[in-house]
Every structure is written in structure tokens, then in C-alpha cells.
Amino acid sequence: QVQLVESGGGLVQPGGSLRLSCAASGSIFSINAMGWYRQAPGKQRELVAGITNGGSTNYADSVKGRFTISRDNAKNTVSLQMNSLKSEDTAVYYCNADLTTMSPPKTSDYWGQGTQVTVTS
């Protein structure tokens, strides 16, 4: 069984910073891409940032220059450093991993439970 556990959400003022972390555990053979998505009330879930196992990254236009995604392949973790936060960044943030399990060997998408980020003065 595989679990993705997020941490680091919270309440912050506009212009502030937060760092989200996500750790994958369980019967994992390999992790391909990892990423962060977010869903604001009344809106669809959207990709915030993604990173491949080779370190290639991509970002939503709305967060480019403010957010940085990173991962530690040895620890099966992915992080999202969020700077210059805006009220429109308020959402539930979800960790995502495209990974292959050991037994049975199967590649699937896995999601964390979500962590709330609220940006308000």
C-alpha cells in the first residue's frame, strides 16, 4: 500500500511564504513524475508544478517566478516553496505521484489527502 502525506499548509499574509512537503511511503519500486495540484472553492483542480525523476520542472503561468518545486529521490519526497503569496493562491494543495509499486508491479497515480493554504490579511 502506498501513502502520500503532505505537510506545511497554513495561514499566511499576502507577500508571505510557505513550504509544502510530501513524503511517499509504502511498497514503491520507482517514482516517475511528482507534482502539486490545487483546488480552490468552486474551481477545478489545476496543476501548480511538476517535476520528473530527472529533475525537469514545469509550472503554471500563475506561479512562475514565485514557486519552486524540488524533490529528493532518495527519500521519495517532493516540496513546494511558495513565495510572494497572493490571495488567489488560497486553495487546498494536493501532492501527486506517478509511481510503480513493487508487488504487484503496477504504475498508477497516487494522491495525498490535501493541505489547506490560506492567504489573507
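Here are the numbers:
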| item | result |
| --- | --- |
| Size of charge dipole - the chain - debye, nearest 20, with Cβ of Lys, Arg +1 and Asp, Glu -1, no other charges | 100 |
| Accessible carbon and sulfur surface of the chain relative to its total accessible area, %, 1.4 Å | 48 |
| Rounded Å value of the spacing that divides the Cα centres of the range 83-112 and the range 1-74 | 6 |
| Pairs beyond 24 Å (Cα-Cα), from 43/106; 43/75; 75/106 | 43/106; 43/75 |
| Per principal axis, descending, Cα span of the chain in whole Å | 48, 25, 23 |
| Long-range HN-HN contacts of residue 67 with modeled amide H, under 5 Å | 83 |
| Where the chain is the region considered: accessible area per residue in Å², 1.4 Å probe | 53 |
| Potential lengthening between residue 44 and residue 11 on full extension [0.36 nm per residue; Cα-Cα distance subtracted] | 9.7 nm |
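The values are calculated or read from the model by the stated rules, or taken from the named source; none is laboratory data. This structure is a prediction, so every number in the text was calculated from the model and none was measured. No Cβ is skipped: glycine too gets one built from the backbone with ideal geometry, and neighbour counts run over all protein chains shown. These accessible areas exclude ligands, DNA and RNA; they are computed on the full protein's heavy atoms, side chains included. Shrake-Rupley method; radii C 1.70, N 1.55, O 1.52, S 1.80 Å.
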